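A quick write-up on the structure given underneath.
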Amino acid sequence: MDSRTRLLLRQLPSVDELLQEPSIRETAKTLPRWAVVEAIREVLERRRRLIANGHSESMQADLSSRVALVAEAQRMARRLNRPALRRLINATGVVIHTNLGRAPLAEVAVERMVEVARGYSNLEYDLERGDRGSRQDHVERLLCRLTGAEAAFAVNNNAAAVLLVINTLAEGREVIVSRGELVEIGDSFRIPDIMRRAGGILREVGTTNRTYLRDYEDAVSPASAIILKVHTSNFRIQGFASQVPVAELAGLGEKTGLPVVEDVGSGALIDLSQLGLSKEPMPSESIRAGADLVTFSGDKLLGGPQAGLIVGKRLLVTRLRRNPLARAVRIDKLSLAALETTLRLYLDEGQAVAHVPVLQALVMPLQEIERRAGRLRDRITALASDHLEVSIIEGTSEVGGGALPLEAIPTRLVAVQAIRLTAQVLERRLRRTDPPAMVRIKGDRIVLDPRTVSEDELDTLAELIASVSVSNEADS
Ligand SMILES: *Cc1c(COP(=O)(O)O)cnc(C)c1O
């Protein structure tokens with residue numbers, strides 16, 4: 001270590017010295033002491049590393065500057081004290097955004113969840129009989145009614161549902177599945193991987209683009225356990241392609257005695273084609289077509305909490321219940337409270353469309369989107385017309401969440417261009433506001449899709465945009 005480096009290191013103040021700085025003492029009045037101390041330690045440690053790594057002279061002059069150190073420590077203390085998981089404004093127009101928490105819950109579901117969280121509940125207690133009950137009792141009847149199934153079982157998420165089904169019905173035996181359906185959903189869920197972990201032996205049939213019923217028939221052997229059909233949620237094979245409908249697989253299942261399981265992924269509980277969107281597979285149709293078990297997510301098109309729903313034959317569901325893994329993937333009480341309330345809304349389709357935010361966003365009339373876009377534009381213009389140019393342009397929203405991947409829903413976008421800042425700088429600054437706002441970049445502008453911005457977020461969003469557009473401080 002050379003002498004200059006040693007000198008710079010010696011010039012760094014101690015933690016205690018910084019704690020005595022007047023502006024740090026001021027900060028410590030509004031923030032907990034642990035956050036201030038931890039921030040100072042971290043900032044000092046970072047400085048030591050930079051100096052030891054021999055940064056350029058001009059930089060080193062700044063590295064020991066106390067003003068800069070203090071400012072950095074204050075910023076970090078505020079960051080440490082903020083919750084890590086926070087609400088944000090989703091102006092991307094992707095309705096079911098996996099990175100942004102998927103489905104926002106219906107207000108009634110939120111209220112029920114809070115109520116159950118706050119006190120004790122009859123989670124596993126049968127109040128009528130005065131005896132131990134099952135947490136599944138709160139949703140099983142609803143799920144059966146909404147899908148036409150005999151029995152139902154709710155778990156932690158759909159990946160867990162698939163894991164539980166394969167492990168219960170096919171451990172050490174073969175799962176017959178089309179090559180065209182060996183999908184990867186998101187970055188961590190691959191059907192072949194989950195199959196292996198569940199103990200099932202993959203028996204691929206057909207080709208990537210075409211699979212016929214006879215491919216399945218040829219694969220049936222004494223080693224077979226189930227026939228699995230997986231919805232290719234997040235992509236479509238178009239052109240020269242065909243997969244076998246679940247009804248035909250059900251026929252084969254009946255002939256061979258093999259249970260037919262379908263993972264429909266998103267699991268729309270109402271027919272989206274009635275709402276002007278493309279059709280997504282519905283669990284009820286799959287049951288009607290003869291599937292023995294159907295699995296789907298709670299927080300995709302259904303618009304409820306994270307959950308995996310399994311519906312189907314009573315005999316098979318009973319086997320799932322008895323698998324010790326069922327305990328490991330069980331649904332928690334808060335999700336269950338939100339799930340029950342969301343499912344209840346579906347008992348009346350009108351109620352579901354009116355109150356489930358995912359459905360509301362998907363069917364929002366263009367007129368309503370235009371109204372919101374107009375309000376957003378006017379607010380932004382009123383606050384920052386000197387710095388920004390705002391206009392309304394045509395664009396498309398996405399369903400997201402691995403549903404209807406080809407569907408581009410017409411929307412109106414509020415396009416914002418800063419006179420002195422690039423779209424990249426605006427976008428980055430908006431991620432760091434409180435609350436953060438997520439936007440898309442289109443050319444040299446950022447665009448905001450009002451479809452996924454709630455009414456009460458519009459003014460906040462306008463204020464955030466105005467605030468990041470005026471500041472001229474160097475962007476870090
Ligand atoms: C999304 C999806 C899953 C995983 O569901 P999670 O609820 O996210 O665990 C599994 N299978 C299909 C077909 C899906 O679309």
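The values are calculated or read from the model by the stated rules, or taken from the named source; none is laboratory data. As the structure is a prediction and not an experimental result, all values here were calculated from the model. Ideal geometry is used to build each Cβ from the backbone, glycine not excepted, and the neighbour counts take in all protein chains shown. Just so you know, the surface numbers come from the protein's heavy atoms only, side chains and all, with ligands and any DNA or RNA stripped out. Shrake-Rupley method; radii C 1.70, N 1.55, O 1.52, S 1.80 Å.
So which trypsin sites (Lys or Arg not before Pro) in region 87-189 end up in coil per DSSP with only 12 or fewer other C-beta atoms within 10 Å?
On the way: sites: R87, R102, R112, R118, R129, R132, R135, R141, R145, R173, R179; in loops: R87, R129, R135, R173.
In loop regions of region 87-189 (DSSP not H, G, I, E or B), the sparsely surrounded trypsin sites (Lys or Arg not before Pro) are R87, R129.
Longest span of the chain, sites excluded, free of chymotrypsin sites (Phe, Trp or Tyr not before Pro) in DSSP loop with at most 14 other C-beta atoms within 10 Å? Mind dumping the intermediate values first?
Working: sites that count: Y120, F235, F240.
That would be 241-476.
A151's amide H: which non-local residues (gap 5+, or another chain) put their own amide H closer than 5 Å, with H modeled 1.01 Å from N in plane and none for Pro or chain starts?
Amide H neighbours of A151, under 5 Å, 5+ apart: G312, R314.
Which entries of K229/K333; K29/K300; K229/K442; K279/K442; K255/K279 show an alpha-carbon separation above 32 angstrom in the structure shown?
Going by Cα-Cα distance, K29/K300; K229/K442 fall outside the 32 Å limit.
Based on DSSP, what percent of beta bridges with both residues in the chain are antiparallel, to the nearest 5?
Within the chain, antiparallel bridges account for around 60 percent of the total.
Which of the GluC sites (Glu not before Pro) found in region 62-160 are loop residues per DSSP with 16 or fewer other Cβ atoms within 10 Å of their Cβ?
Values: sites: E72, E107, E111, E115, E124, E128, E140, E150; in loops: E124, E128, E150.
For GluC sites (Glu not before Pro) across region 62-160 that sit outside H, G, I, E and B with at most 16 neighbouring Cβ atoms in 10 Å, the list reads E124, E128, E150.
Which whole-number percentage describes the relative contact order of region 361-476, with Cα contacts under 8 Å and a sequence gap of 6 or more? Numbers along the way, then the final one.
Working: 171 pairs, mean separation 35.5, N = 116.
Taking the mean separation of contacting Cα pairs over the length of region 361-476, I get 31 percent.
Relative contact order (percent) for the chain, with alpha-carbon contacts under 8 angstrom and 6 or more residues of separation?
18
Could you work out the percent of alpha carbon pairs in the chain separated by over 41 Å, rounded to a whole number?
Value for the chain (Cα pairs over 41 Å): 37 percent.
Please give the helix 366-384 orientation as an angle from the longest Cα principal axis of the chain, in degrees from 0 to 90, rounded to the nearest 10.
10
Kindly express, to the nearest 10 degrees and within the range 0 to 90, the angle between helix 137-147's C-alpha long axis and the longest C-alpha principal axis of the chain.
So the helix axis and the longest Cα principal axis differ by about 70 degrees.
Against the 2.2 N^0.38 Å scaling, with N counting residues, where does region 134-218 land? I'd like the Cα-based Rg ratio to two decimal places.
On the way: Rg = 15.2 Å, N = 85, 2.2 N^0.38 = 11.9 Å.
That ratio works out to 1.28.
Given R₀ = 22 Å, what would the calculated FRET efficiency be for Q238 paired with L213, taking r from the Cβ atoms and rounding to 0.05?
0.55
What are the ³J(HN,Hα) values, in whole Hz, obtained from phi via the Karplus relation 6.51 cos²θ - 1.76 cosθ + 1.60 with θ = phi - 60°, for each residue of region 328-338 in sequence order, with x given for Gly and Pro?
Once θ is set to phi - 60°, the couplings for region 328-338 become 6, 10, 6, 7, 8, 5, 5, 4, 4, 4, 5 Hz.
Tell me, what % of the accessible area of the chain is carbon and sulfur with a 1.4 angstrom probe?
Working: 11280 of 23310 Å².
Ligands and nucleic acids excluded, carbon and sulfur give 48 percent.
Return one whole number: the accessible area per residue of the chain in Å², for a 1.4 Å probe. Mind dumping the intermediate values first?
Values: 23310 Å² over 476 residues.
Accessible surface, normalised per residue, equals 49 Å².
In sequence order, what are the phi-derived ³J(HN,Hα) couplings for region 430-444 according to the Karplus relation 6.51 cos²θ - 1.76 cosθ + 1.60 with θ = phi - 60°, rounded to whole Hz, with x for glycine and proline?
5, 5, 10, 7, 10, x, x, 10, 9, 10, 9, 10, 10, x, 9
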